[in-house]
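Right, one structure below, let's go through it.
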Amino acid sequence: MLKKGHQQWLRRDGQANGVAARSRTIARQKMGCVFMKSLPVHQMSLSEGLRRTPEFEKKGLAQFSVNVGVKCGHGCTYCSSGSLLRCHPAFKAAGESPFRHGYCIVDPDIPDKVARDAARRRSRGMVQLCTTVDAWCPGAQQYDLGRRCLEAILREPGWTVRILTKNAAVVRDFDLLEQHRDRVLLALSLTAPMGNEELARVIEPHVSPISERMAAMRQAHKLGLRVYGMLCPLLPGVAAGAEEIEELVAFVKDCGESAAPVVDSQPFEAAVARYLDQNNRGVALKDIKAGPTIEGQTATLTASLHHATMGGPAVTWTFRFEQDADGTWKAVSHK
Ligand code: SF4
């Protein structure tokens, strides 16, 4: 029986709006909880779609995060999210312990909230998808949350996305990643070398096998997607030996490391156009040669420019930008 005040966290209908049929495998449905194969999936409602993530910002990884729920269906035995989120009322509402595994709590409507926040926020940047749950875990797949959140973010200019998942189901969304290849970074977290795949299955019961994660990484690289390596956690007995780590690092390097941050160039191209127009320069942007590189509220971009109407020989300029309080980038000088 739900207590008053907890009911808001638990939806009763068990239905997802606009969910692609391909990802629906609901076997059984009860009040506020559906079962995906043998995995109970509870529904809840988060208030925010996009939120600031100071921890990831401090590490230079992302300024914002999207989480699709509070309990990941992958059920990794080492997962620390249960401890981090243990006081969240959704656990009590679902009648589950945050420390137990084998179930999932997601917000089927999170893509709508992400879309709302992505459009509303003036200050934009890199979004980590996700930090405390996996947007492609079995319960999230049921509502196509990974893809729908990605679409919601990428629909708005100025946002870039860093995907981190342990589920090879993300390959079904590579078509979307290909359309935005300059705005998305992808990693399938690797936690063991191939030789320890069976061992990894014990501690990560609902995660894609290592071989499938590696195959997804290779496929992403082949398609020209931007791939980065995430070797975490490297547990004793599973992947803590020097040889095991070297094997994983070599694999990631083969997939093509991508150290450069991904930045959407569109707002900067628009700022250059405004700058050239306001200063009657008579030239137009031809190609971007380097950047944009963002440092706090300033940025630089090097581009070749040619005559605005006749084309012809190009010159190379480096522009400097400043960000307004409303998040708009403005070109302020060039050399
Ligand atoms: S994939 Fe990540 S968030 Fe999900 S259970 Fe495993 S460690 Fe936790």
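The values are calculated or read from the model by the stated rules, or taken from the named source; none is laboratory data. Values in this document were obtained by computation on a predicted structure and should not be read as measured data. FYI the Cβ positions are ideal-geometry reconstructions off the backbone, even for glycines, and counts take in every protein chain you see.
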Exercise for the section: Determine the pairs where a residue that is in the same structural domain as residue 71 (by TED's automatic domain parsing) and without any contact (Cβ under 8 Å) to a residue 24 or more places away in the chain, located within the stretch 130-150, has a partner that is of a type in the set (Asp, Glu) and within 9 Å of the ligand (Cβ to nearest atom) with Cβ atoms under 8 Å apart, the partner being 6 or more residues away or on another chain. Expected result: none
Fill in the blank from the handout: Counting only residues in the stretch 105-149 that are touching a His at 6+ places or on another chain (Cβ under 8 Å) and farther than 19 Å from residue 45 by Cβ, the one surrounded by the most Cβ atoms within 10 Å (Cβ to Cβ) is identified as 134
Handout entry: Considering residues of the stretch 294-311 that are within 17 Å of residue 332 (Cα to Cα) and exposed (fewer than 15 other Cβ atoms within 10 Å of the Cβ) only, the residue modelled with the highest pLDDT
Key = 298
Practice task
Could you check how many residues of the stretch 144-176 are within 16 Å of the ligand (Cβ to nearest atom) and not basic (Lys, Arg)?
Solution key: 10
Exercise for the section: List every residue pair whose Cβ atoms lie under 7 Å apart, where the two residues are 6 or more positions apart in sequence or sit on different chains, the first residue falls within the stretch 165-178 and is farther than 15 Å from residue 134 by Cβ, and the second residue, located anywhere, is of a type in the set (Val, Ile, Thr) and more than 16 Å from the ligand (Cβ to nearest atom). Expected result: 177/184
Problem - Within the stretch 122-134, considering residues that are closer than 9 Å to residue 66 by Cβ and within 10 Å of the ligand (Cβ to nearest atom), the one nearest to the chain's Cα centre (by Cα) - result: 130
Completion exercise
Expected output for the stretch 45-61 (first residue farther than 12 Å from residue 116 by Cα, partner loosely packed, with under 14 Cβ neighbours inside 10 Å, Cβ below 9 Å, 6+ apart or cross-chain) is 61/55
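Looking only at the stretch 55-104, filter to residues that are part of a helix (DSSP H, G or I), more than 13 Å from the ligand (Cβ to nearest atom) and of a type outside the set (Phe, Trp, Tyr); which one of those is surrounded by the fewest Cβ atoms within 10 Å (Cβ to Cβ)? Before you say what the answer is, go through the steps one by one.
Restricting attention to the stretch 55-104, the residues satisfying the condition of being part of a helix (DSSP H, G or I) are 55-58, 81-84, 89-94.
Those left that are additionally more than 13 Å from the ligand (Cβ to nearest atom): 55-58, 89-94.
Going one step further and asking which of them are of a type outside the set (Phe, Trp, Tyr), we end up with 55, 57-58, 89-90, 92-94.
Values: 55: 12, 57: 16, 58: 8, 89: 15, 90: 24, 92: 17, 93: 21, 94: 25.
In this case the residue turns out to be 58.
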Exercise for the section: Among the residues of the stretch 187-220, write down those that are in a helix (DSSP H, G or I) and in contact with a strand residue (DSSP E or B) (Cβ under 6 Å, 6 or more places away or on another chain). Expected result: 213, 216, 217, 220
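Condition first: assigned to a loop (DSSP other than H, G, I, E, B) and within 29 Å of the chain's Cα centre (by Cα). Now tell me which residues in the stretch 267-307 satisfy that.
As a first pass, look at the stretch 267-307 and keep what is assigned to a loop (DSSP other than H, G, I, E, B): 279-282, 296-297.
Scanning the stretch 267-307 gives 296, 297.
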Problem - Positions within the stretch 315-335 being crowded, with 16+ Cβ neighbours inside 10 Å and free of Cβ contacts under 8 Å to residues at least 40 places away in the same chain, in sequence order - result: 317
Problem - Residue in the stretch 151-175 that is surrounded by the fewest Cβ atoms within 10 Å (Cβ to Cβ), counting only those that are in contact with a helix residue (DSSP H, G or I) (Cβ under 6 Å, 6 or more places away or on another chain) and under 26 Å from residue 270 (Cα atoms) - result: 157
Exercise for the section: Exactly one condition in (1) crowded, with 21+ Cβ neighbours inside 10 Å; (2) more than 14 Å from the ligand (Cβ to nearest atom) is not met by residue 182; state its number. Expected result: (1)
